[in-house]
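The values are calculated or read from the model by the stated rules, or taken from the named source; none is laboratory data. Computed from a predicted structure; not experimentally measured. Positions of Cβ are generated from backbone atoms using ideal geometry, with glycine treated the same way; all protein chains shown enter the neighbour counts. All accessible areas refer to the heavy atoms of the entire protein, side chains included, with ligands and DNA or RNA removed. Shrake-Rupley method; radii C 1.70, N 1.55, O 1.52, S 1.80 Å.
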Amino acid sequence: MTAPAGTLTPITAHLSDDYLQLVADGDEVGATELVGALLDDGVPAQRIIVDLIGGAQRRVGELWAANEWSVAREHAATAVGERALAAVAARTAVRPRRGRIALACVDGEWHGLPARMLAELLRLDGWRVDFLGASVPGRHLIVHLHQTGPDAVALSCMLPTRLPRAHAAITACRAAGLPVIAGGPGFGPGGRWAQRLGAHAWAATGEEAVTRLATDWPPRNVTDLPLPDGEAFIGDEEYTHLVRSRPQLIATAMDRLPEIYPPARDYDQAQAEATSEDMGHIADFLASALYVGEPDVFLDFITWTTAVLGSRGVPPTALRLGLTLIRDQLIDFPAATTMLDTALRTLPRT
Ligand code: B12
């Protein structure tokens, strides 16, 4: 017998540790056997998806960020999570009794697993879900919507750097008369950038989305819903300049780095590539911050990246110099330089 979803939380810390160990070992068979045994014991599929599989993925993220796990180990762990989720889905068929939802990750967003988790939660609640997977280009999404005629669109965005693309997708869905529910931490604390970009609703978690969609959804007269205030700032001149000049910005910063940061003179190819990638992240988060007019997009990234680089032995000085090299090339852009100056002030002094 299956207990109703949400009535108990039978995923103990001990069970989570066991599952994380299987994930850490890349043991797909062990992980699918474990979730199968839990289903046999009557543990609700929702608890397995959210608490066990999702909880382990978040832990994997912490281990990667702390440089305890390599990218390869993280990839292997994610593959086990996907397999375990598929095993739960295969065991829990539910006949659709609600509407049809298209669920996609926005263009350039490769975190497909959280969206897949949401897809399964919605399916368990009786929705027919068209899961379109990771990184769905806006124009293909719209073609799909016209071909299939869903009742709503759910858009997943885990990284704020994808906000401009999320905005394009939301705008296109609105134009097609479809309500959009947005989700994922990329939309900011409390989903505040989702609302600013025109989404009709936002939910922090898959379970919150299920409740929301089951109660007050869809909004009536979707096409009449007013766009939020502040549309005008979006995608201004500074953002456009930054996006266009991104390759040049990074190349110039990389050329100048050894002059002002002598350790960079001895970087091997892998270190140089990682540094160039970090410069790219600085440019991308800055561009998104400019796009939505929210310095916090950039400042949150700086806090996060200081910790990640620190755990890899890169001192705040290196980040400070990287930011300065980008700033020096953007002196004619007041919003960008203000954000960079604020970020520079927040960096720990060494
Ligand atoms: C696995 C993983 C990857 C995998 C994804 C594989 C896959 N198939 O999903 C890969 C390797 C591709 C990846 C790549 C990157 N990643 Co990554 N990744 C992760 C990791 C470890 C797990 C993600 C996950 O599955 N979380 C588990 C679920 C349960 O999370 P959740 O947020 O609670 O999910 C719920 C909500 O988000 C919500 N939700 C999600 N979508 C939607 C949609 C709607 C409509 C609604 C209503 C709700 C909703 O419902 C979910 C279920 O309840 C996270 C760490 C973490 N803490 O999440 C980092 C993380 C997200 N990644 C991060 C980074 C930086 C990257 C890279 C930039 C790394 C790099 N240097 O290249 C790239 C970017 C790729 C890209 N452009 O998308 C950072 C982001 C930090 C930041 N500042 O934003 C994180 C947080 C890691 C960290 N601790 O630093 N990553």
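If you take the residues of segment 297-346 that are assigned to a loop (DSSP other than H, G, I, E, B) and within 16 Å of the ligand (Cβ to nearest atom), which of them is farthest from ILE260 (Cα to Cα)?
To start, the set of residues in segment 297-346 that are assigned to a loop (DSSP other than H, G, I, E, B) comprises 312-315, 329-333.
Then keep just the ones that are within 16 Å of the ligand (Cβ to nearest atom); that gives 312, 314.
Working: ARG312: 21, VAL314: 15 Å.
Among those that are assigned to a loop (DSSP other than H, G, I, E, B) and within 16 Å of the ligand (Cβ to nearest atom), it is ARG312.
Condition first: part of a loop (DSSP other than H, G, I, E, B) and not β-branched (Val, Ile, Thr). Can you find one or more residues in segment 240-256 that meet it? Explain how you work it out, then say what you get.
We begin by selecting, within segment 240-256, every residue part of a loop (DSSP other than H, G, I, E, B); these are none.
No.
Mind listing whichever residues of segment 125-143 are closer than 18 Å to GLY112 by Cα and of a type outside the set (Phe, Trp, Tyr)?
Residues satisfying the conditions are VAL129, ASP130, LEU132, GLY133, ALA134, SER135, VAL136, PRO137, GLY138, HIS140, LEU141.
Check PRO150 against each of (1) more than 11 Å from the ligand (Cβ to nearest atom); (2) in a helix (DSSP H, G or I) and name the one condition it does not meet.
PRO150 satisfies all of (1) more than 11 Å from the ligand (Cβ to nearest atom); (2) in a helix (DSSP H, G or I) except (2).
Condition check: farther than 28 Å from GLY177 by Cβ, open to solvent by 40 Å² or more (accessible area, probe 1.4 Å) and of a type in the set (A, V, I, L, M). Does VAL143 satisfy that? Before the answer, list the steps.
Values: farther than 28 Å from GLY177 by Cβ: no; open to solvent by 40 Å² or more (accessible area, probe 1.4 Å): yes; of a type in the set (A, V, I, L, M): yes.
So VAL143 fails the test.
Which count do you get for residues in segment 257-294 that are assigned to a helix (DSSP H, G or I) and open to solvent by 60 Å² or more (accessible area, probe 1.4 Å)?
Of segment 257-294, the ones assigned to a helix (DSSP H, G or I) are 257-260, 262-266, 269-292.
Keeping just the survivors that are open to solvent by 60 Å² or more (accessible area, probe 1.4 Å) gives 259-260, 262-263, 265-266, 269-271, 273, 277, 281.
So the count comes out to 12.
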